[in-house]
1. Roll a 1.4 angstrom probe over the protein heavy atoms and tell me the percent of accessible area of segment 124-222 that is carbon or sulfur.
2. State in Å² the accessible area per residue of the chain; use a 1.4 Å probe, count heavy atoms of protein chains only, and round to the nearest integer.
3. At 0.36 nm per residue, minus the direct Cα-Cα distance, what do residue 193 and residue 88 gain on full extension? Give it in nm, one decimal, please.
4. Would you look at the GNM of the chain, springs on alpha carbons closer than 10 Å, and say which of 198, 16, 154 moves the most?
5. Which one, [x] 9, 32, 34, 17, 7, 2, 0; [y] 8, 32, 35, 20, 4, 0; [z] 8, 35, 37, 16, 4, 0, gives P(r) over Cα pairs in 10 Å bins from 0, in percent as derived from the coordinates shown?
6. How much of the DSSP bridge set in the chain is antiparallel, in percent, rounded to the nearest 5?
7. When only Cα pairs under 8 Å and 6 or more residues apart are kept, what is the percent relative contact order across segment 42-149?
8. With an 8 Å Cα cut-off and a minimum separation of 6 or more residues, compute the relative contact order for the chain in percent.
Amino acid sequence: MNHQFNAVLFDLDGVVFDTEPQYSLFWGEVCRKFHPELPGLENKIKGQTLTQIFDGFFADMPEAQKAIVKGLDDYERQMDYDYIPGFVDFMAMLKEKGVKTALVTSSNLPKMECVYRAHPELGEFFDAILTSEDFDESKPSPDCYLKAAKRLGVEIRQCIVCEDSFNGLRSGRAAGMAVLGLATTNARESIAELCDAVVDNFLTVDYSFCVELLRHHDSSFS
C-alpha cells in the first residue's frame, strides 16, 4: 500500500494557534454565570460552533446570547494568536513536499477577521480554508473533514487530521482519516484512544513521521 500522504487538515484553535487556554477562561466565566448547574460545561463545548453551543445550551436565553456574542467579539479582538511551536516550519515542509493543506475550523467569518488582522499571512499556508459557514454539521460529525478532502481533491485514506479537542478528534476519526492529536488542550492520556499518535506540538513532526502515522492508521484496518 502507498503510505505517501496527500493532505493535512488542521483545526485552528489549539492546533494552529495556542488560544485554547484563553477560550477556556472566557467560556468558563460564561458557563459559570449562565449555567452554574453544569460544572465543566466549557470543556464539553470545545470544538462546537457558536450556533451549536447556543442551540444546545442557550436556546431559551436570547439576552444571554446577545451578551455572549458581544463579549466574545470584544475578547477575540484582544486575544493573543501565537502559533503552536513548530507549525510554521511544518507548513514549509509540507509545501516543499507538495502536500496539500486545509484549515477546517468551527470558527465563523467574523472570528477569522480577527485572526487575519493578527496574521495576514495565514491564508498563504493553506490550499483551502473552511469555516463554520461551509458545513452543515458541526464536529464531532465528519462533515467538515469530508468536505475539505473533496475540495482538495484527495483520497480520505491519505489525509491526516490535526486536532486537539474531543469533538474534533472524533470528527477526524469518523471521517476515516488518520488523526494526529495535539495535547495542547487536553492531557495526552485523555485523548490517546482517539488518535493514531499524540504530540505536544509540531517540533517533532516531519515527513517520515507523517508517513509512519498513515502506515499505523492503515494497519488498524487490515
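1. Values: 2120 of 4410 Å².
Exposed carbon and sulfur together represent 48 percent of the surface.
2. Values: 10490 Å² over 222 residues.
Ligands and nucleic acids excluded, the result is 47 Å² per residue.
3. Numbers: separation 105, 0.36 × 105 = 37.80 nm, distance 2.73 nm.
Roughly 35.1 nm would be gained on extension.
4. Checking each option, the largest mean-square fluctuation is seen for 154.
5. The calculated read-out lines up with [z].
6. Values: 1 of 20 bridges.
About 5 percent, rounded to the nearest 5.
7. Values: 79 pairs, mean separation 31.3, N = 108.
The value is 29 percent.
8. Numbers: 361 pairs, mean separation 60.2, N = 222.
Result for the chain is 27 percent.
The values are calculated or read from the model by the stated rules, or taken from the named source; none is laboratory data. What you see is a predicted model; the values in this text were computed from it and never measured. Every residue, glycine as well, gets a Cβ built from its backbone with ideal geometry; the counts of neighbours run over all protein chains shown. When the accessible area is computed, the model is the full protein with side chains, heavy atoms only, and any ligands, DNA or RNA have been set aside. Shrake-Rupley method; radii C 1.70, N 1.55, O 1.52, S 1.80 Å.
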